[in-house]
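The values are calculated or read from the model by the stated rules, or taken from the named source; none is laboratory data. Not measured: the values here are computed from a predicted model. Using ideal geometry, Cβ is built from the backbone for each residue, glycine included, and neighbour counts are taken over all protein chains shown. Heavy atoms of the whole protein, side chains included, go into the accessibility calculation; ligands, DNA and RNA do not. Shrake-Rupley method; radii C 1.70, N 1.55, O 1.52, S 1.80 Å.
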Amino acid sequence: MAITYDWFENPKAKAGEETTLHIRPCFNGTTDTKTLAKHIQQRCSLTEGDIMAVLCELNDVIGYEIRQGRQVHIDGLGFFTPSLRVEGRITPDMPLKIRNRKVRFKGVSFRMDKELQQSVGVPKLMMTRWEAHSQVTTPEEREQRLTDYFSRKDFLTRRDLQFLLGVKKTMAVDLLRQWREAGMLLNKGTDRQPIYVPAPGCFGR
């Protein structure tokens, strides 16, 4: 396995400004608490239940310490630190009382210890084989792609649409909903496993 990534456009501050890109990781799933507990149990004599209990209590204790305005350090893991933000624009001449009203809790920042960095090592990096973000297409282009698709295939699934248009799952679901509400697609499957076909007179049918 490797850490996969993709490229995304940065927003432009001014019209006509050169387009630049930034990189973002595309995660290979999520390892949940139960899986972590199982992996830890295989490395020590504690039961999975004991480990789950400790992890749950650790969450509560870290939350309590953060609320008290403290940073939390776990040896070999790193620092958990509260971070703040302000709403709107703040100027030096603004009364302190008004400034203080605009301060909000942003979240928790994490800075790893060198031991964790060494444990991670130097991972392999690889550009994702799949689209991590939606391609920009016009409504006309989308309808033409579906017309071409239905000239070869009898039905369409949400996953088919993702690959056909190069869009994320959320956008594919939204497009399918729009076409169904417009009467352009019909669901011949079930609510849990929908299979879409063109309505008469739509997408070349």
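Miscellaneous remarks
- Under-5 Å amide H pairs with Tyr5, H placed in peptide plane, nonlocal only: Cys26, Met126, Met127, Thr128
- Centroid-to-centroid separation of region 143-176 and region 1-56 [C-alpha atoms, Å]: 29 Å
- Taking the DSSP beta bridges with both ends in region 1-125, the antiparallel portion is around 95 percent.
- Contact order, relative form, for the chain: 16 percent (alpha carbon pairs under 8 Å, 6 or more residues apart, mean separation divided by residue count).
- Of the options [x] 33; [y] 37; [z] 66, only one is percent of Cα pairs over 25 Å apart as computed from these coordinates, and that is [z].
- Probe 1.4 Å, accessible area per residue of the chain, Å²: 76 Å²
- Förster radius 30 Å - calculated FRET efficiency between Arg159 and Phe8 (Cβ-Cβ, nearest 0.05): 0.85
- Over 30 Å (Cα to Cα) - which of Lys114/Lys169; Lys38/Lys168; Lys168/Lys188; Lys114/Lys168; Lys106/Lys169 fall in this group: Lys114/Lys169; Lys38/Lys168; Lys114/Lys168
- Fluctuation leader among Lys102, Lys38, Lys124 - the chain, Gaussian network, Cα springs under 10 angstrom: Lys102
- When the chain is described by a simple charge dipole with +1 on each Lys and Arg Cβ and -1 on each Asp and Glu Cβ, the residue from Met127, Thr81, Phe150 located farthest towards its positive end is Thr81.
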